[in-house]
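The values are calculated or read from the model by the stated rules, or taken from the named source; none is laboratory data. Source: prediction; values computed, not measured. Neighbour counts run over all protein chains shown; Cβ positions are idealised from the backbone, glycine included. For the accessible areas, the whole protein counts, side chains as well, though only heavy atoms, and no ligand, DNA or RNA atoms are used. Shrake-Rupley method; radii C 1.70, N 1.55, O 1.52, S 1.80 Å.
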Amino acid sequence: MEIYYQRSTPDKPKGRMVVFHGGPGFPARELPRRSPLWKKLRSNFDILYFHQRGTGLSGKLEQPAPEAADIYGMDQTVEDTKWLI
């Protein structure tokens, strides 16, 4: 399944962070575009920002299935995070 992500790397990062998309119903593009906090974070931290499966701009199943809990569950989110890092 396709996972949408952005990577922000300033010249001299003060640290690293992973930022998760807020989940269903959260406007996917609002944080990076409009938030002064996001701009400040991007100028100071190496950031991996991604949309979890089934949310925002990441892939989702066309037809929900009984196994969707496994596909969209916390364990899969952890695995996706490890893979992206």
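Say we look at the range 23-64 and pick out the residues that are surrounded by 12 or more Cβ atoms within 10 Å (Cβ to Cβ) and polar (S, T, N, Q); which of these is modelled with the lowest pLDDT?
Per the stated criteria, the residue is Ser35.
Say we look at the range 67-85 and pick out the residues that are of a type outside the set (Ser, Thr, Tyr), modelled with pLDDT under 85 and open to solvent by less than 90 Å² (accessible area, probe 1.4 Å); which of these is nearest to Ile3 (Cα to Cα)?
In this case the residue turns out to be Ile71.
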